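Encoded as structure tokens, the structure appears first; notes follow it.
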Amino acid sequence: MTRYTRVRFRPRGQFHFGGRGVGMERSDVWLPADSLFSALCTVLADQHGADIVEELLAEFRGARTPSDAPFRLTSLMPYAADVSFLPYPMVGPPRIPNATDLRRRKQFKAVQWVSSNVFRALARHESPTAALENDLPTTIHGGKIWLTLKEKDGLESFMARHPETGKPQSPVLWRTHLRPRVTVDRKTLKSAVYALGGTAFNRTKDSSAGLYTVVEWLAADESVQALIKGAFEQLGEVGIGGKRSSGFGQFVPNFEDFVNWSIGASDGDFFTTFSPYHPRPNEREVIGPEARYEIELRRGWLSLSGYMNLRRASIRMIADGSVLRWPSTVTPFGDLVDVTPKTLFENEGPTVYRYGLVFPVRIANAAMKPSDQIETRRQLDGGRS
Amino acid sequence: MANNKNRRSVTLHGRVFLQGNIKTITGLHIGGAAGALEIGGVDSPIIRDPLTNRPFIPGSSLRGKMRSLTERLHGSEQNMRIGKGVFVHICRQKKMSDAEYREMYRNCPVCSVFGVTGDEGVPHPTSLVVRDVYLGDDSAAQLDRAQTDFPYSEIKWEATIDRVTSAAVPRQIERVPAGTLFEGFELAYGIYDASGRDHFATVLKALQLVEEDYLGGLGSRGGGKVEFQITNVYARKGTEYKTEKFEVDGAQPVTDHLVTTINDWVKQTFEDVGD
């Protein structure tokens, strides 16, 4: 039985994933799961009608435990060839000699993405020896991506040219840039210039870099699975992110079904999440002692056929990569959050939800403890004082 | 996502895809951002792929030109201010009810095809998607061999000359040489209702208008003439999203005959689409 499906988005052009703030100049290299879920619902409604989306949302809202929900999915994260990247969990540097050295620790601090092999080693508190060179992380992209030496060698074919000097650089998996755009007056040819941020993923002759999500099928039967896979196909044609009608965001999805995704520890009192997480009231324990988390504000606009664009209610969610405490009485689940804008609410319009289900992966208790080196240093410091 | 109490819905009946290549007949200049100010540097650089450094045609450039020329063809009122002294067309007018506006939108060959800003409450999403078009590998190799002034591009010197003293103010314009082939051009057109289906002709006519006008800059000075080569046309329709193909023999130019036959085929393929 298929438990997981990895959907790889092979890009057909650039993406525009705008962030918070004014202006369109910024573009991220990933997309949170709530935005991905909304995009899937939109294409489902376009093709099959609103009823099918309402039924799907009702199943999510009616679920008492994670296994009752149809499925859950991760945020869109980058991949290159056969190397998939995950957010660096907030567990700190691994247990390696000299990790207390401030200059070395800074190199771990700069990491944003880790390969799945490095992630596994960190989550299980194994020494990622294959991903270290002289006790320092093997990184690319200016220290932002941590991977094994073998993976790094395998990605050397992702060649790009420096935008100003034109010199070859390798490996370059993606690059964000500013694209100048202009609106020209039809009569006078006067121009209004502005800039738009775009994220371009690299490709080689045989493979490409892009984005992927992992869908975990919970209560979804085969027909629901087929429906969601169809929605990914549709999304590839219409595009994801901003500026879709100008060629941004289109991709070709590739589906890979598998049964086990052995990425985390087998047991432990902590977990990390691969999607923004909005805990239910009975899950507040997750931000208990020793939890390390970041709260992010999720807000933005809502497009609904027949209405002008509306600003949806803002909510706070726990960010991807946060390390949280596994609750003692319940399984972490998350919720669909009501973000109906005031205007819709007052006019008795539709209720609008935002996806906030967690995608939990266990972290070993040992990974959360400071390394022996740090303890030794503390003892020494304590002794001196 | 929405739990419907006050039903508003939209149905995608299918999409029509047009694929092909774009050939530059004269030098093409689509402006990019200058990386740095440097002595001897080019004054007007072209836009390039941030990874390969190859020139490409942004979907927005092609789409913008298609829209602009369609507005001119139909004499559409220029009533939406974008910047200082820059206006485009939208159907919304002052003192117009929502029902009137929607009816006008449905019948407008500009708004219903090319869309409006998200601030407007319209009956369906933007119909036309225009993708970026990248330099073909064969053309890239050809330009490499030709050892052009810059990678894959040439420099054209221009000058403004004083009419009395003949003193010149020269400038350098970067452009993609004539004869270059950009491969993988694609338009995707969503059909949401009968009027949308009937407006498909607007897309084909817009391509003809671009061929007869120019793409990018320097058009009045000879640059930017392009030729579209249609290689593949197909539709995907219904909830099953089945593919139906229009037979194209090789790479076809956008002739009146091809426009008529593709348009008839689209009408026939989506004849059961109602309002």
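Annotations for the structure displayed:
- A:Trp174 of a type in the set (Phe, Trp, Tyr) and either closer than 30 Å to A:Ala58 by Cα or surrounded by fewer than 22 Cβ atoms within 10 Å (Cβ to Cβ) (or both): no
- Of all residues in segment B:8-46, those that are more than 7 Å from chain A (Cβ to nearest Cβ) and either modelled with pLDDT under 70 or over 30 Å from A:Leu40 (Cβ atoms) (or both) total 22.
- Taking (1) over 30 Å from B:Phe56 (Cα atoms); (2) in contact (Cβ under 8 Å) with a residue 24 or more places away in the chain; (3) within 14 Å of chain B (Cβ to nearest Cβ); (4) touching a Ser or Thr at 6+ places or on another chain (Cβ under 7 Å) in turn, A:Gly49 satisfies each apart from (2).
- Scanning segment A:174-224 for residues that are among the aliphatic types (A, V, I, L, M) and free of Cβ contacts under 8 Å to residues at least 12 places away in the same chain turns up A:Val184, A:Leu189, A:Ala192.
- Search result, residues across segment A:300-332 that are outside any strand (DSSP E or B), over 14 Å from A:Phe274 (Cα atoms), modelled with pLDDT of 85 or more and polar (S, T, N, Q): A:Ser328, A:Thr329, A:Thr331
- Qualifying residue in segment A:126-135 (condition: without any contact (Cβ under 8 Å) to a residue 24 or more places away in the chain, among the β-branched types (Val, Ile, Thr) and within 14 Å of another protein chain (Cβ to nearest Cβ)): no
- Number of positions in segment B:128-153 that are in a loop (DSSP other than H, G, I, E, B) and either in contact with a Lys or Arg (Cβ under 9 Å, 6 or more places away or on another chain) or within 8 Å of another protein chain (Cβ to nearest Cβ) (or both): 4
- Residue match in segment B:54-77 (condition: assigned to a loop (DSSP other than H, G, I, E, B), surrounded by fewer than 19 Cβ atoms within 10 Å (Cβ to Cβ) and more than 9 Å from chain A (Cβ to nearest Cβ)): yes
- When segment B:103-124 is filtered for residues that are facing chain A (nearest Cβ under 9 Å) and more than 30 Å from B:Arg48 (Cα to Cα), the ones remaining, listed by number, are B:Asp119, B:Glu120, B:Gly121, B:Val122, B:Pro123, B:His124.
- Across segment A:145-173, the number of residues qualifying as within 8 Å of chain B (Cβ to nearest Cβ) and assigned to a strand (DSSP E or B) comes to 2.
- Scope segment B:165-197; condition under 30 Å from B:Lys225 (Cβ atoms) and of a type in the set (Val, Ile, Thr); matching residues: B:Val169, B:Ile173, B:Val176, B:Thr180
The values are calculated or read from the model by the stated rules, or taken from the named source; none is laboratory data. Everything numeric here is computed off the predicted structure, so don't read it as measured data. Note: ideal-geometry Cβ built from the backbone for every residue, glycine included; neighbour counts use all protein chains shown.
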